[in-house]
1. By how many nm would the segment from residue 101 to residue 47 lengthen if fully extended, with 0.36 nm per residue of separation less the alpha-carbon distance?
2. Please list 40-53, 131-144 highest first by mean number of surrounding beta-carbon atoms within 10 Å per residue.
Amino acid sequence: MPVLTLTIMGPPLGKGRPRFDKASGHAYTPKTTAEWEGAARGEMAAQLPHGWTPLDEPVGLYVCALYPRPQSMTCSHTSGRCRCEERHPAEAFLPYPGKPDGDNVEKLAWDAAEKAGVVADDKLVVVHGGRHRYPPARVKPRVELTVVWGADLARLVWPPSCLEEW
């Protein structure tokens, strides 16, 4: 079964709600959303294999969002008696409980993938809410997209075994 994995470096961002111009009544995309989507589109386009043509068939998407660890989860103590490591292990993936909501991160990543030419418009069959985590202390924040397509797509168990726990 064909699989394509793309990485967008930097902190994940959720898709912002459309805003409306009171004077004209037109809707527009918030600036931060548009900037993140544009940067993500460029990164994904650069990672596509040479000669890639947008997929024009049903696909599945799995998203993994790794957020920057807050200062409260990093230890700067020099004492050997520090208990921070017990609460927030530096080498562990920890659940991400905050905002943005996972579905908004997935929407923005998918929109960027469409604009990067990964798939033709409206070919998504299923988005699987991926993992939203704080990564180990030395891992940089990013969004990883795995696109799966082909005849066996309907029988695919999510998450794929290759994407099981870290």
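None of the figures in this text is laboratory data; all of them are computed from the coordinates on show. As the structure is a computational prediction, the values presented were derived from the model and not from experiment. Positions of Cβ are generated from backbone atoms using ideal geometry, with glycine treated the same way; all protein chains shown enter the neighbour counts.
1. Between residue 101 and residue 47, full extension yields an extra 16.8 nm.
2. Those peptides, ordered most packed to least, come out 131-144, 40-53.
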